[in-house]
Structures are given as C-alpha cells and as structure tokens.
Amino acid sequence: MGRVLVWLIAAIITLSPQPALSAPKHAIAMQGEPALPADYAHFNYVNPDAPKAGSITYCVVGSFDNLNPFILKSLRTTARGIIDRIFGNLVFEPLMQRNDDEAFSLYGLLADTADMDPERKSIEFHLDPRAKWSDGQPVTAEDVLFTYDVFTEKGRPPYSARMSMVAKLEKTGDRSVRFTFNDKANRETPLVIAMTPIVPKHAFDKETFDRTTLKPVIGSGPYTVVHVAPGQRIVFKRNPNYWGKDIPAKRGFDNYDQITIEYFLNANAKLEAFKKGICAIADDSDPVKRERDLDFPAFHKGDVIAETFDTGIPPVVTGFLFNTRLQKFSNPVVRRALGMLYDFEWANKNLFGGKYMRTMSYWQNSELSALGHPAGDREKALLAPYPGRVPADVMDGTWRPPVTDGTGQDRKVLKAAFDIFKGAGYALQDGVMLDPEGKPFGFEILTASQNEERLAAIYQRTLAKIGIDVTIRSLDGDQIQSRKQRFNFEVLIGASGFENSLSPGIEQFGRWGSAAANAEGSFNLAGVADPAIDAALEAMVDARSREDYVAAVRVLDRLLISGHYMVPMQHNTQQWLAYWSYLEHPRKTPISGYRLPTWWRKPK
C-alpha cells in the first residue's frame, strides 16, 4: 500500500502543471524582446576596430574623498569613474550591460546568460566562467551574495533597499545564483538586479565597508586605480588582463591605456584648463556662452572641434526645485504661482540667443509626455481614486505655462500670479509680500556655478516685483551635495534626477516616491509624498503591455505637472561637446546620446 501511495504522489507531481521555464538568454528587455540576437558581435554604436592606445584626461568640477561609491558617507563626492554613467564603469561592473540604443535592454556581462521566469517572480544568473577580478581571482556566486548582503547592511540608497524585494537569494551552482522575489517586487526588479554592480567578497571587510577609503579598490572592470591625489586627481590604467575585452557587450569600449580625471574648483578654471589642452573635452548647455568660450586660437586653427549630437530621449528637466518639507512650500497653490514667474521668454532672448525651448513636461518630446495627449480611459481609471488632483487642462493635454512678451516687464503674468497668492491668503503691504500669518514671504536659492547664479538672478528680479524677497547663495559642489543629502535647503537649481530615458522605471521611486521623501541621501529632493504618485509609480513598473505602461507614465507626468514641485526652465534637444582633434568617435550616435567610453585617440 505504501509503495502504491508513493507512486500515486509521484504521478500527481509529474502530471501537475509545472511553471514554464525559459531557456537562459543572452539578453533581457523591460518590454518586448531584445533587439540583438544571441550571436551579435557588438553594439551598433561602437567601432569594434577602434585602436586601443594613448591617454585621455577628463575634467570635472568638485572634489572627492572616497573611492567606494556604494556608501552614504561619500555619495556624490566619490571619485568619478569608479562607476560612472558618463566616463564609464571603469572599476566595477554589473551582471548585465545596458544597450544604449534600445529603450531598456540588458546584455550579458559578468553573467553571460540569465534565466528569467515569464512572470518575473525569479531570475537566475549564470556567471561567465571567464569573469575575473583585477587581482586575477574568479568572480563567484559568493561575490554576488556578499554584494547584496553588504549593500543591505552598509550601502546607500538605492543599493541598500534592493534586498527588500527579494524573498530568497541562493547559490544554485559554482557560477550561478537565483533571486526569488516577494510581493514588494515589480516587473522591473529583475533588470534592476541585473544592473547592480558586483563587489569582490575577498577584497572588502563587511565591518568597515561603510567607511570612506582612498585605497585603490579591486573590481572586475577594464581599469585599475594607479594614482590618487585626494580631491585633485585620480588616474586609471587599463588592465592588460581584463577578462571582458573580447565579449560582445564590451567590444569597441575602453579604448585608452590611461584615463585621468582632474578636479577643479569651478567651471571657469575647468574651461581655462580645456583651452590649455589639459582637458580633452568640454561641455556647456549655454549656446551663447559656449560660442564665446570657443573664441581662442586652438579652435580657430581647427585643433579643437565643436559638435552637436542628436538624441532620441526626453531632455533632462532642470529648474528651481522647492523643498516641500518646509511649510512655506507645502501649498501647491503657492508653488503654482511661483512657477508662473520664471520669465523664460526674456531669458531665452537675452541669455540663450533664442536657441532654447521651454521645458513643460518631464518626458517632453516623447509619447510618454502628457503634453498634447488627452487622458484616455486607462489614465482616467488610474486617477479615479484621486478626484480633482489633475486640472482639466493638464488632463486634456493643453496645459502650457504662461508666455510673457519677453520684455521683462509683462504685468499680465505678474497680476495673474499675484491674484493666486491673494486667493491663498497672501497680501502685499508696503511692497512686501506677507504670508497668511503676516510674515514676509521669501526664500533662498542655492547655486553652484555662475550660470546658475544668472538664472537665479532672473527669477529673483521678477519675484521682487511682487514683493517676494529672494536671496542667492553660491556654494561649492561639496557643500551643495551635503545640503542635498540632508535636505538642508529651500530652493536649489538642479535636475529632477539622472539623465532621462524612454523607459522610466524604479529610479522614479527614488525621485518622487513617498518612501524616499525623508530617507537621507535619496534623490527625492523635493520631498514628494503623494499616494496618487505612488499609485502611478506602481502601475508603471507593473505594466504588462505598452499601452498600460504609457498610460501610467503619462499619469505620473500629469501629477508632477499639477503638483508644481519645481519650476522647469529650458532645454536644447541636442547635446554639445567641444573636444581636441586628436579624439575620434563612432559614426553612429545611440538614442541616449554620445557615449564617451566608445571614443578613441587617433593613432599618431
């Protein structure tokens, strides 16, 4: 009888429906399928035959006191290049590499394949047997487990929070690990895990991981740190034994023998260093200023080249960002009135030569934007639990900020803003704006450059006309970062986050989610804590169809526009660079814009 029962149980298990298992894949995508086949040779925006020789010096404004980019104490004062979206991940690498010519697809790097459950409840990574740390030791499953353990206990956001979405992390083989997710995870979670940099267990002490260090760190990347001058310079040298130099996701990248990153106190000093040939590349978002700055002999002789690059992504949103944790900025009606008083037309005419466009949406120039797109049934359903949160003109896609006559004296916009203040209980007395409690209303804007000071001064001048007292305080990069980290500011000029994309995802929780509003070191600088926005974020990352995804992002856009958390300024859809003519770059620019790690130095 016992044998019969065992046989029956075995038969039931065999015949019961089993979860569908996909074969391990060379790439994964947020939506749809990756564009490149398993036998792809390289990304289509690189020169796979680029010469690998010579050196380059990049220049930045700021300082650094740490080489560990994963801890809270360093945050943005970590040495650039260790992991770096602009200069490349020179030291640390993730399990999979992003293809910058797709909205959001990842290809094998430390993990040569991944096996993702169709419901995205789990993902198993298979490490490339060739993967090694710069000291020659192999990258192992234990390194992956250690990374998530130490990030959880000692890391900074967003790394510290990622294990909260993992129900189980297990070693499934000598070179394989599986992540099984809990109810906090979403459909993007497996890709976020795949993009997380991995650190070597043997080279870090968990107990001291959260302490700053200037000792060269060991990673799996193409370069090693060979020289550190604290706060001034960091020098990377190509690792001749770099394990990944021939894998498809890295062909055409990392083309210099040596990379130096020089730090300067301010933008003017950095510009002068570029003119002297110390810095290889200069960028500037101000078209009038950059034309003036290029008036020097090397440019006129053709030794310096200026070039623009087209992108296919929404522009980065920059503007005056309000700290809504403060009582003075807690009322969205007040923020709306303040938002009306940035005179873009005057600034564009007098500062930018008419070459800029007004930024009005967080995903402008894309199908994700609320502009020009009336809300459909999917969006209305998402917003139904939050009636009245989005004004009618934002819902139907016709909202636009006020347009002035460009003279700097347009009284109709001033009156419209003042009427809103008046309706909120504010009053003008002896030329001073008083809040509902009878106290003078004003605030401080933090700036980190002369360009920011000029923009703040424009805003200051307009606000003064209705009695709002604005002061401008200029700080260096480290001071600004310290203030941001502790949310110790009233208004600052900055971006809504990192560079924008056609596939916004979990990073948006860090920028706008309630859980990040008071988490020290988070990028929710405005202090946004709104259940409607949280719901839109959840719908965005849980969307299973393109239609649902677009609807969720548009709802998020409508809520951010309606909340007036910042005063968006202006943008230019092209990227601009000036560079010394000894550099060369691939003919194709990916949709995300130029990628410096694919450039090379011309052979002598």
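What does the charge dipole of region 318-571 about its Cα centre add up to, to the nearest 20 debye, if the Cβ of each Lys and Arg holds +1 and the Cβ of each Asp and Glu holds -1?
I would put it at about 460 debye.
Could you tell me the relative contact order of region 271-397? Use alpha-carbon pairs under 8 Å, at least six residues apart, and round to a whole percent.
Relative contact order, region 271-397: 21 percent.
Give the separation of the Cα centroids, region 209-235 to region 404-435, in Å.
52 Å
Give the cross-link partners of LYS439 among the lysines, using a straight C-alpha distance below 20 Å as the criterion and excluding same-chain residues fewer than 8 apart.
Hits, sequence-local ones excluded: LYS328, LYS422, LYS465.
Rounded to the nearest 10 degrees, what's the angle between the helix 141-154 long axis and the longest principal axis of the chain, both from Cα atoms, 0 to 90?
30 degrees
Under the definition of Cα pairs under 8 Å and six or more residues apart, what whole-number percent is the relative contact order of the chain?
20 percent
Nearest 500 deg cm²/dmol is fine: what mean residue ellipticity at 222 nm does the chain get from its DSSP H runs of n ≥ 4 alone, each adding -39,500 (n - 2.57), divided by its residue count?
-7500 deg cm²/dmol
Which one of PHE329, LEU271, ILE261 is farthest out on the positive end of the charge dipole of region 252-342, using unit charges on Cβ (Lys, Arg +1; Asp, Glu -1) and the Cα centre as origin?
PHE329
So how compact is region 318-571: Cα radius of gyration and Dmax in angstrom?
Rg and Dmax of region 318-571, Cα atoms, are 18.0, 58 Å.
Under 14 Å from the Cβ of ASP205, count the other residues' Cβ atoms, weight Lys and Arg +1, Asp and Glu -1, and hand me the total.
Net of charged neighbours comes to +1.
To test your reading of the geometry: what angle, between 0 and 90 degrees and rounded to tens, separates the Cα axis of helix 2-15 from the longest principal axis of the chain?
Taking Cα atoms only, the helix is inclined about 40 degrees.
I'd like the distance between the alpha-carbon centres of region 92-124 and region 560-597, rounded to an integer number of Å.
Distance between centres, Cα-based: 25 Å.
Find out how many positive minus negative residues lie around VAL150, taking Lys and Arg as positive, Asp and Glu as negative, among other residues whose Cβ is under 11 Å from that of VAL150.
Residues close to VAL150 contribute a combined charge of -3.
Can you list the lysines whose alpha carbon sits under 18 Å from that of LYS270, skipping same-chain ones fewer than 8 residues off?
Reachable lysines: LYS289.
Projected onto the charge dipole of region 296-352 (+1 at Lys/Arg Cβ, -1 at Asp/Glu Cβ, origin at the Cα centre), which of GLY319, TRP346, PHE296 gives the Cα projection farthest towards the positive end?
GLY319
Taking the mean number of other Cβ atoms within 10 Å as a proxy for protection, how do you rank 101-114, 389-402 from highest to lowest?
Order by mean packing, descending: 101-114, 389-402.
Please determine, in degrees from 0 to 90 and to the nearest 10, the orientation of helix 546-563 with respect to the longest principal axis defined by the Cα atoms of the chain, where the helix direction is its Cα long axis.
Taking the Cα atoms of the chain, the angle to 546-563 is about 30 degrees.
Going through the cross-link list LYS52/LYS588; LYS245/LYS604; LYS121/LYS484; LYS355/LYS588; LYS25/LYS245, which pairs have a Cα-Cα distance over 27 Å in this structure?
Violating the 27 Å limit, Cα to Cα: LYS121/LYS484.
Counting Lys +1, Arg +1, Asp -1, Glu -1, what net charge surrounds LEU383 among other residues with beta carbon under 9 Å of its beta carbon?
+2
Quick one: compute the contact order of region 318-571, relative version, from alpha carbon pairs under 8 angstrom and 6+ residues apart, as a percent.
For region 318-571, the relative contact order is 33 percent.
Treat every Asp and Glu Cβ in the chain as -1 and every Lys and Arg Cβ as +1, leave all other atoms uncharged, and give the resulting dipole magnitude about the Cα centre to the nearest 20 debye.
Charge dipole of the chain: 620 debye, to the nearest 20.
Here, each number is a calculation from the coordinates, and none is a lab measurement. Values in this document were obtained by computation on a predicted structure and should not be read as measured data. All Cβ positions, glycine included, derive from the backbone under ideal geometry; neighbour counts span all protein chains shown.
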